[in-house]
Structures are given as structure tokens and as C-alpha cells.
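This is the structure I have questions about; it appears just below.
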Amino acid sequence: MDFLGILSSTASFILDPTTMAYALAGLGLAIHFGFAGLLNMGMAGFMALGAYGYAIGILTFGLPWYLAAFVGIGASIVFALILGIPTLRLRGDYLAIVTIAAAEIIRLLLLTAVFTDVTGSADGLTGFNGTGGTVTNPTPGAGGFNDANPIPSGEYGFEPFLDNERTWFIRIVGMLILVGATFAVWRLVNSPWGRVIKGIREDEDAVRSLGKNVFAYKMQALVIGGVLGSLGGLLLALSTNVNSSVYVTSLTFFIWTALLLGGAATVFGPLVGSVIFWTLQAFLGLVFPALAKAGLLPFSGIQAAQIRFIIVGVILVLLVIFRPQGIFGNKKELTFVK
Amino acid sequence: MSSSSQSSTPIKSTGLHVGEIKPGVAKKDPILVADGVRRQFGGLVAVDVAHVEIPRNAITALIGPNGAGKTTFFNLLTGFDTPNEGKWSFNGKSLAGVSAFKVARMGLIRTFQLTKALALLTVMDNMKLGSTEQPGEKLGASLFPFIWKKKDEEIETQAIEILTRFKLDTKKDDFAASLSGGQRKLLEMARALMTKPELVMLDEPMAGVNPALTESLLEHILNLKKEGMTVLFVEHDMHMVRHIADWVIVMAEGRVVAEGAPDEVMKNPAVIDAYLGSHQDTDLGTVTGRITLPKKGKDS
Amino acid sequence: MNLTATTRRAMGRLSAAVGAFVLAFGVLALGAPAHADVVNPELPYKVSGNVQNEGIGVNGVLVTVTGGGGFSAEVSSDAEGKWTVGVPERNADYTVTVDESTLPDGIAVVDNPETEFVESNVQTVTVGPGGRVAMNFFIGQGERNTVSMVDQIVQRLISGLNFGLMLALASVGLSLIYGTTGISNFAHAEMVTFGAVVTFGLVGILGDSALPLAIVLAIVLSAGLGWGLDAGLWKPLRKRNTGLVQLMIVSIGLSLAIRYMYQFFIGGGTEQLPGSDAPQIALFGSVKLSVVDMVSMGLSILLIIIFGWWLTYTKIGKATRAISDNPSLAAASGIDVDGVVRVVWVIGSVLAGFSGILWAYFRPGIRWDMGGQILLLIFAATTLGGLGTAYGALIGSIIVGILVEASSLIIPSDLKYVGALVILIGILLFRPQGIFGRKERVG
Ligand SMILES: Nc1ncnc2c1ncn2[C@@H]1O[C@H](COP(=O)(O)OP(=O)(O)OP(=O)(O)O)[C@@H](O)[C@H]1O
Ligand SMILES: [Mg+2]
């Protein structure tokens, strides 16, 4: 068993765009749930809009990639408003069901054959990132994200982060978005605005009785978190194809797991949680099949690769029961209000 | 608690009403007027107030048996619930259809019978939330600390002042969750005062607050009146009602059944029947079961 | 802070814009010339074809593809006459039927002009190792075998009723659990899958002929699952006074863990229970039902009647309703809340497990995530009837079932769940207490 190889591949996930996408979406959920107490179970929908908005902006509307990115963001804002105007008056668990259903509607609309010309239906969309296309589907075409890459071609970095200019470009862009978003969220939640949304999380009627427009605050939180989610989706789209099979309910649940790992009511929790989540996923996804191959586990490699998902579920259960504040959260910052 | 031994006997406002005293009597200078306010839950009529006026710059007590509709009436007046019919106005402005937070911004602040301390915020943050003057609560401004830092410090000073009066200043950095039940009541009242209201509506403010502190809070409520505020409170403790209220309104089964100065109202046979019970002269405390202190001499 | 007026106004405008956007999208969807209509795109293998009238594609012809394991899908041809259906298996035969009533007047399926091969509107095709096969129909003046609109509607209604009854079994359990414990149990989906997966496993061990025994055992094991979940997880959490949101997320984690456990054991493919390819029996007109469908409906109705009787007349049933009404009052009046909740978990799990077996026949097929596919419909049904009211969940399920099945007469069948989800959202917005629930005390 190539243990070093496994460790190295695992470590590469620290800088993977997927990890950053999870961190961004997790940050959005932290605003929603950790700070404002909104039970959003439809984060996958926001991410799908970010990704598809970007891809459709390029392929259908012929926009340059940097403008197309705003199509995704704009779509997520519109989605947040459509969702929020009626639902923010609802009780917490109702909001959860509405958001999960709304995200599912988005996925079904992206999957249906009716809009194949725009969404690519089950095949999803490819070839919107310009020269070199996506990793798995190189399609020629100028003016895309890849053409904006200022890094000369070549291999950079050191193992396990030794990669070509394209990978580095995505990493750097992702990192910039992530750092910017984290800073902004940190500022927000440590301001009087943050105080109000935390108050709303605790008891919205109390905050209302003090003359705050609770609905507007919740809406602002919903939109901000949604935009962060769409940025996560955008990052996924920058690095690979978009396909509706990615934006399923499980994605939302995985992001919840990452968030709760790090601590829901913390700014750095989503970041830390995503790194843990993905390194753990990568590690388990490699180690179990390797063990199975070496005959140390009594099942097939495919089965061995599934175990990690079972473990995710178990971790989520254990976390919520025994460490609801997350691994690094402060015990006093329990987010779950009874 | 014995009000007769109180050092400062409060100065009662008198002559608040116009004409003959009866339920719904007009006031000289009403701050809040409700007209035909009715709220029904299924078959149960919880509130059915034909007409009631709350006098300005006075302390009014709203009393009545459990389930009389007092809390529901509070909810209706403050926009937390909508009546099936009726009109009500604050400072002459109609409040029908005005949402709760706007009512609060107009200067009508209420507290809740079941305390709503913001558990996972510190006591200080709870207080700061009460302030209405913080520009940093706007999304755009919140990103720039220089816009709101200074104001936050001012608000903090103000908060400490109020907390000291409520004996909560030592707790200011604790989470509200760690406060005792009575302390939460106090925090909620203190927080309400941070908004600098014109009319405060307190739903059983003294339930669960110890007698010594109750006394000092009564002082405080009297001071609010001196500062020009109007207070409307629900209370089952008749000592307190008698001691500080200038006016008493009695509700039963959703309706206003009696009104008047405290002493007069408590002699009203209807009120004794419906609410006070016939032993009120011996010890009102035992009627409500809230006061267990030994009696020091006969109450007024 | 002056968000009020301006924000309100801005939001008003925005929502108007959004409304227009949605409307436009909808109109686009309905009015656009159909694209190559694809049904079941998620399935790995494809049957596709072309409906042509003298070389020109015919739009909107209804094609039905049926196959082994009770597989059935409907698709209508696009503007070029093209259609595609995803099918679950290769190296298998499928029957392709053109609904001649959807052809233009006076036209029917005719011989292929090139091969002179006589064709009828019903054809059998074989999906080979390549996983794809094409079946082209040529139409022209001729006689037709018609499926009338009425028959189609009747067929859909019956199918929807069947589906709804199956949903009902799952949702009354979910509703009872919600009513008595407050948990929005996302793992209910896995309790549904449990029945099907266990039946499948037992049939594998005992043989096809032992199906009834396998079903009975699966239901017994479902009861055990419900008992075990409550004893091992939910009751301890109740004792800890765990918050409702926490409980909900625990159920999500549990759902993930169990779901992937199924995938671990049965893999990612679709498996069939014996009898899922039972022949269809013509009832009247062109309305057909398989024996399995009929048995399934009969059993659902029977179970629901027993359940209703239990809930209405037995002591525990009454106690259950009392707890749903007002838990603290019920506890105060001496009802053994923990005991009742345990029974509720067992019954909920049994009903869910049984509905999973029916779902395996209705889909048809067993998959590790089959419960998850209908979880939101179950939620929709439960919410529609009023969360926590079992009778409401029953009615809600039948409405959702019929709605889902009937809506594919009008909207593309790959969007048929969307309708139900939209209704779910609508109900939560305008009548969150459901059709039969009541409002709760605010403040
Ligand atoms: N949301 C509601 N749904 C149904 N009934 C309600 C609701 N809110 C209040 N009620 C009923 O209305 C009546 C008045 O309740 P309310 O809480 O106003 O009484 P109260 O005068 O404040 O009593 P207490 O002195 O015990 O606080 C009660 O019978 C109560 O059960
Ligand atoms: Mg009350």
C-alpha cells in the first residue's frame, strides 16, 4: 500500500477548488444558520445557480467570463428574494422544507429535457472556460477564463502541490474570493449589523419588539449567504464542467457537515471544516480501497470507497449530539437554540 | 413587601379621566386609544375591548384573572397579533396594520410575559440591541467600523448606567443564557428602556423578581414617570398595583369590566368577585401566591 | 436604520420583476417548440426513435416504452418527431407503443416505405450490449388503435391513486412521528428503502417463491428498526432535551449513513423484486393494471383502514392523538409519553417499510436511494394535510399522488415532481397548518 502517495493526494485537497467551494458555501450557511438562524437546506440550489449562471452566461448569452460570473451571482440573488419574500415569515423547520424543495425544483429544471438547448439536460454544460476547456473536456475557444490566465505555462510548486498554470490560476482566484469573503463576513458579524442578526437567531420577536425590521435583516442575511453559495458554485464551474447531478440534496448535507465540523457560528469554522471534510473524504476514499486491495478489508474496492460516505453521516450525527459548537467552536457559542 | 413602610410615598397622578368613571371612560390626555378591538381564537373570544384609553404620563395597571386576555391585548396593541376587528391608535396615529417593529419605533415598547432574553448574546449585546441610534446596524455601514465605533461606545456607557440601576452591571459580559429567571426579566426591562420609549408596556415585570429588588424597580418605574414616560403594566401583585399605579383597568373574559383609581377599583364588588377574591383585605399576597413574606402590619 | 420604506418598495419592484421572469420562463417552457424530448435521462441505456409522416417529423406523438421489471415510461416526440427514453437495462426487450390517438387526424402507423415491412403501432425492440436502440415509426393514412383521452385520464387517476396510497403509508408515519416528537425525520426515506432492500435480500436467500414470507419478515424487521432507532437514538436524545433543529440534523446524518450503507450492500444499480414484470390486465377501454398494482392498492387500503381504526379506537391510538395535540398536557394527564412514542416509531417504521416494498414495484426497481427520491413528496403530502395530523397526511398523499401522475398528461414527465414541490411550497406559504391543521399560539 502506497501510504505516502495516499497522504500526498490527501494533502492536495487542502488547495483543491472543491474544498474552497465548500468553504464558500459553508460560509454562506454560517451566515444563514450560524448567525441568523435560518435553516437553509437548499444551499445546493444556490450553488447550482452560481455554476449554471456562469456557464449559461457564456454559452447562451455570449458574455465574457467575468460578466457571466455575475449572471450566476445575480441568479442567486433573485432566487434568495423569490424564496425569502414569502418564506422568511415561516417557522424554522418550514423554511428548511421550503428551501430543500426549492433547490430540488432548480435541479429538476436544470435536468429536464425541456431546456436542453440552454442547460444541456443530463449531459450538463462543457467548454465554457475557453482555451484548453475544462480539465475533462478540452474545447478550443478564445476569451474564456483560461485565456485570462496570466501565469506562463509550466509546472509550479512542490509536491503535493506541484501543478500546471491552469490549476494554480484557479487556486489563486479561489483563494482571493475566499479570503475576501471571509474578511467581509468577519467584518459583518462583528458589527452592530451582526449583533442584530444574532439577536434574530435567538428570538426574532424580541428583536422585533426593539424596533428592528427583522424581515429585512433576514432577507439581507439570506441574500448574502446565497451569494456566497453561488460563488462556491462559480468556483466549481471554473474548475470543471457543470452537471445537475452534482447539485443534489446530498451536496447541501455535506456542506452542513463541513460547517458543523468547524463550528456554525464562527467565521473560520466553514474554512477549517471544509478542509477537514475534504482531506478526510480523500483520505478515507483512498485508504479503504487500498486496504481492500491489500486484502485487509473483506470487501470490494467499490464498496470500500463507499464507506467514507457512511462515515460522513455518522460524523454528522455525532457532531450534532456531542459537539454542536463544532470542533473549534466555543462551548458558549452553541448555535442550537431550544 | 409593605408599601406603607416605604420611605418615599409615590405621588399619584389624579384627575386623569373626564366625566363619570366607568369602563371605557375618556381620559384628559390619552396616549393610547383602543376601540372595538376584538380577537377570536376559534370559538373563544380572547379579547373584546369596546373602548379603552391609556392616560399619558401616568402609570396604568392592567389586571384581571388568568386567561382574561391581557397578554393577547398587549400583542394586539403592539402589532404582534392582528385583531379580527377594531381600531387603535398611539399618539393619535392609527396602528391598524402597522407591523410590530414600526410600532416599536414609534416609541411604544413592550416586554414579554415569557421572557425573551437573547440567550447566546452577552448581557451587554442584549442592551446594545435596544438602542435605536446605531448607524452600524445598516448593512452597508456595518462594514466600516469608523462609522459606528464611537456611537457604540456611547451606547455602552448608557447601557452600563441602566444595568447598574438594575443590578446587572457585574453580569455585563456574561451570556444572557447564564442569568437566572428573575435576572432575565430585569434584563428585558432594561433592554426595553434602552430604546428610550414613550410608552412602555410591561407584561408581569415583577414576576420572579425578589422583593428588595422589586422595591428599587418600583422606584425606577416611578422615575420613568417623572421623566415623562407612560407605563402600562400587567401585574397580579396587588401590593405593587396599589403602590405605584395611578389608574387601574380590570379585564375579565376579554372585556374591560372596571376602571378607576386603585383604591376605588379594588372596592368594586364586581372586581372582588371576578378577580381579587373576598380575602383581599387580609393579605393580597396570598391571593396571588406571589408574596410569601411575613406581613409587617396592615397594608393600606 | 431606514430600511423600511425604501427596502419595501425596492422589494416590491424586485418581486414584480422576479414574477415576470418566472412567468416568462414558464411561457417559454410551454410555448417553445419541443426539444428532443428525453424521459428518464438519468437511466444508463437509451431507446430512441423518430415518428415521421412522409419523411417529415410529427410533433407531440405519445410513445410508451415498457419493459421487463414493470418498467414503463412515456414520451412525446419533439418538433422533428424525435424522442428518447432512458431505460434501466441492456440486453433486454422493450415494447414501444405509439399512441395513435395523438397522431394527426386520419393518420396511423403504416408500413416502412423502404423495407415494405408491415408495422403496427406496437413494436418490440432489443437493447443490445451497446445500450442503445432506435425505433422509427412511419405513419400515413390508415386505421388506428386509439387510446382515448378519457382512458388516459382514467389510467393516470388509477395510477396516481396507487402512488398516493403508497405515499400515504409512508407519510402517516412521518406525520405521527412529527406530531408526537416534533422531529422532521429526514431518515424516513431510509425507513422506506429498508422494507424494499430487506425484502430483496431475503428473496435472494429464500428464493423467489418465498416472496410473501420475505415481505412479512421485512415488515417484522422494519418494526425492529423503528424500535431500535427510538430505543438507541431518539429516546436518549429526548432525555437530553435535544433541540428540534438538532434532532432534524441528526436525522439528516442518519439518513446519509443508512443510505450509503444500502449502497455499500446492494451497489449503485437497480434491482428487481420477483413479480415486478407481472402482465397487465385490461380492465376496460384501454385501461390496464397489473396484478401487482391491484394487490398493492388493496393492501394499502387494508393497512390504512387498520391504522385508522388503531388511531381512532385503541387506547394507544387515542393517546397518540392526545400527545400530538398537546404533549405537555398529555404528559401531565398521566399518559406514558415515552411508551406511546415508542409505539409510534414502530408503527411508522412498519408502514414506511411496507410502502418501500410497494414503491419497489411502482418505480419499478430497488435502489439504495429510492426512498430519498420520494422523501420530498412524502413531506409535501404530510405538509399538505397539516403537519402532525395523520388523517391529513392520508388525504395529502392521495392528492400528491394523483397530482404527480396526472400532471404528466400536461407537463413533460421529467418535471412531474416539480408540480408537487411547488404545491408543497405554496401550502407552507399560505396555509402552513395544512388543510386540516390549526394555527398555533404566536408570542
Ligand atoms: N394563539 C392562541 N390560540 C388559541 N387560544 C389562545 C391563543 N392565545 C391566547 N389564547 C387564549 O386566549 C385567552 C387569553 O389569553 P391571555 O394569554 O391573553 O391571558 P392573560 O390575561 O395574559 O392571562 P395570564 O394572567 O395568565 O397571563 C386564554 O384563554 C388563552 O387560552
Ligand atoms: Mg398574560
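With every protein chain left in place, what is the accessible area of residue A:308 in Å² (1.4 Å probe, nearest 10)?
Solvent-accessible area, nearest 10 Å²: 50 Å².
Can I ask one more? Per residue of B:131-144, how many C-beta atoms from partner chains lie within 10 Å of its own C-beta, taken as a mean?
Mean partner-chain Cβ count within 10 Å for B:131-144: 6.
Still on this structure, please answer the following. Can you compute the helix-only [θ] at 222 nm over chain A? Use -39500 (n - 2.57) per DSSP H run of at least 4 residues, normalise by all residues, nearest 500 deg cm²/dmol.
-21500 deg cm²/dmol
Could you pull out every one of the aspartates and glutamates with an alpha carbon less than 18 Å from that of residue C:315, ignoring same-chain neighbours closer than 8 positions?
Within reach: C:325, C:336, C:338.
Can I ask one more? So what's chain A giving for Cα Rg divided by 2.2 N^0.38 Å, two decimals? Please list the in-between numbers first.
Working: Rg = 20.2 Å, N = 338, 2.2 N^0.38 = 20.1 Å.
Relative to the 2.2 N^0.38 Å estimate, chain A comes out at 1.00.
From the protein chains alone at 1.4 Å, what is the descending order of accessible area for A:186, B:88, largest first?
A:186, B:88
Can you give the charge dipole size of chain B about its Cα centre, rounded to the nearest 20 debye, using +1 on the beta carbon of Lys and Arg and -1 on the beta carbon of Asp and Glu?
Once rounded to the nearest 20, the dipole reads 360 debye.
Report, largest value first, the span of the C-alpha coordinates of the protein assembly as shown along each principal axis, in whole Å.
114, 73, 60
Okay, moving on. Longer than 27 Å from Cα to Cα, which of B:138/B:167; B:93/B:172; B:93/B:196; A:212/B:150 are they? Say none if no pair is.
Going by Cα-Cα distance, B:138/B:167; B:93/B:172 fall outside the 27 Å limit.
From the residues C:258, C:206, A:239, which one has its Cα farthest along the dipole of the protein assembly as shown in the positive direction, the dipole being from +1 and -1 charges on Cβ of Lys/Arg and Asp/Glu about the Cα centre?
Most positive-ward Cα: C:258.
Here's a follow-up. I need the phi-derived Karplus couplings for the range B:164-177: 6.51 cos²θ - 1.76 cosθ + 1.60, θ = phi - 60°, integer Hz, Gly and Pro marked x.
4, 4, 8, 6, 10, 4, 6, 9, 4, 9, 7, 5, 4, 4
Return the long-range amide H neighbours of residue B:40 (sequence gap of 5 or more, or a different chain), with a cut-off of under 5 Å between placed amide H atoms.
Long-range HN contacts for residue B:40: B:46, B:84.
At what distance in nm do the modelled label points of residue C:209 and residue A:108 sit from each other, each positioned 7 Å from its Cα along Cα→Cβ?
Roughly 4.3 nm, to one decimal.
Name the shape class, rounded, prolate or oblate, that the alpha-carbon gyration tensor gives for the range B:29-116, where a ≥ b ≥ c are the square roots of its eigenvalues, rounded holds for a/c under 1.5, and otherwise prolate holds if a/b is larger than b/c and oblate otherwise.
Since a/c stays below 1.5, the shape of the range B:29-116 is classed as rounded.
Which lysines, if any, have their Cα less than 16 Å from the Cα of residue C:239, not counting same-chain residues under 8 positions apart?
Candidates past the 8-residue exclusion: A:338.
Rounded to the nearest 20 Debye, what is the dipole magnitude of the range B:118-178 about its Cα centre when Lys and Arg each give +1 and Asp and Glu each give -1 at the C-beta?
Roughly 60 debye for the range B:118-178.
Still on this model: Out of residues 5 or more away from residue A:127 or on other chains, whose amide H comes under 5 Å of its own, with H placed 1.01 Å from N in the peptide plane?
Amide H neighbours of residue A:127, under 5 Å, 5+ apart: A:134.
Return, ordered by residue number, the residues of the range B:14-32 whose backbone nitrogen is under 20 Å from a label point located 7 Å along Cα→Cβ of residue B:93.
From the range B:14-32, the list is B:29-32.
Give the accessible area for residue A:78 in Å² (nearest 10); use a 1.4 Å probe, count only protein heavy atoms, and leave out ligands, DNA and RNA.
Solvent-accessible area, nearest 10 Å²: 40 Å².
Next up: Using a 1.4 Å probe and counting only protein heavy atoms, arrange B:59, C:304 so the residue with the most accessible area comes first.
Ranking B:59, C:304 by accessible area, largest first, yields C:304, B:59.
With θ set to phi - 60°, apply the Karplus curve 6.51 cos²θ - 1.76 cosθ + 1.60 along the range C:322-331 and write out the HN-Hα couplings as whole Hz, x wherever there is a Gly or Pro.
4, 5, 4, 5, 6, x, 5, 5, 4, 4
So which DSSP H runs in chain A come out at 30 Å plus along the axis (Cα) with average Kyte-Doolittle of at least -1.0? Walk me through the intermediate numbers first.
Details: long enough: A:65-87 (33 Å, 1.92); A:165-189 (35 Å, 1.27); A:214-239 (38 Å, 1.60); A:269-293 (35 Å, 1.43); A:301-322 (32 Å, 2.37).
Helix filter hits for chain A: A:65-87, A:165-189, A:214-239, A:269-293, A:301-322.
Ordering C:122, B:52, C:150 by accessible area with a probe of 1.4 Å, largest first, what comes out?
Largest accessible area first, the residues go C:150, C:122, B:52.
If R0 is 25 Å, what FRET efficiency do you get for residue A:7 and residue A:323 from their C-beta distance, rounded to 0.05?
Values: r = 26 Å, r/R0 = 1.04.
That gives a FRET efficiency of 0.45.
Between B:216, B:231, B:97, whose Cα lies farthest towards the positive end of the dipole of chain B when Lys and Arg beta carbons carry +1 and Asp and Glu beta carbons carry -1, centred on the Cα centre?
Working it through, the farthest residue towards the positive pole turns out to be B:97.
Same structure again: Counting only other chains, what is the mean number of Cβ atoms within 10 angstrom of the Cβ of each residue in peptide C:260-267?
Details: counts 10, 6, 2, 5, 10, 3, 0, 4.
Taking the mean over all residues of the peptide, I get 5.
Could you work out, for the range B:118-178, what percent of all Cα-Cα pairs fall into each 10 Å distance bin, beginning at 0 Å and stopping at the bin that holds the largest distance?
Here the calculated profile for the range B:118-178 is 24, 47, 26, 3.
Something else about it: Would you mind calculating the relative contact order of chain A from Cα pairs under 8 angstrom and at least 6 residues apart, reporting the percent as a whole number?
This gives 30 percent for chain A.
HN-Hα J couplings of the range B:91-101 from phi, Karplus 6.51/-1.76/1.60, θ = phi - 60°, integer Hz, Gly and Pro as x?
Whole-Hz 3J(HN,Hα) from phi for the range B:91-101: 6, x, 9, 5, 9, 4, x, 7, 6, 3, 5.
May I pose another question? Per-residue counts of other Cβ atoms within 10 Å, averaged by peptide: what ranking do you get for C:266-275, C:351-360, B:35-44, highest first?
My ranking of the peptides, most packed first, is C:351-360, C:266-275, B:35-44.
Residue B:171: which lysines have alpha carbons under 16 Å from its alpha carbon, excluding same-chain residues fewer than 8 sequence positions away?
The qualifying lysines are A:332, B:128, B:185.
For chain A, set up a Gaussian network in which alpha carbons nearer than 10 Å are linked by springs, and say which option among A:109, A:178, A:210 fluctuates the most.
Between A:109, A:178, A:210, it is A:210 that shows the largest mean-square fluctuation.
The values are calculated or read from the model by the stated rules, or taken from the named source; none is laboratory data. Not measured: the values here are computed from a predicted model. All Cβ positions, glycine included, derive from the backbone under ideal geometry; neighbour counts span all protein chains shown. What goes into the accessible areas is simple: the full protein's heavy atoms, side chains included, and nothing from ligands, DNA or RNA. Shrake-Rupley method; radii C 1.70, N 1.55, O 1.52, S 1.80 Å.
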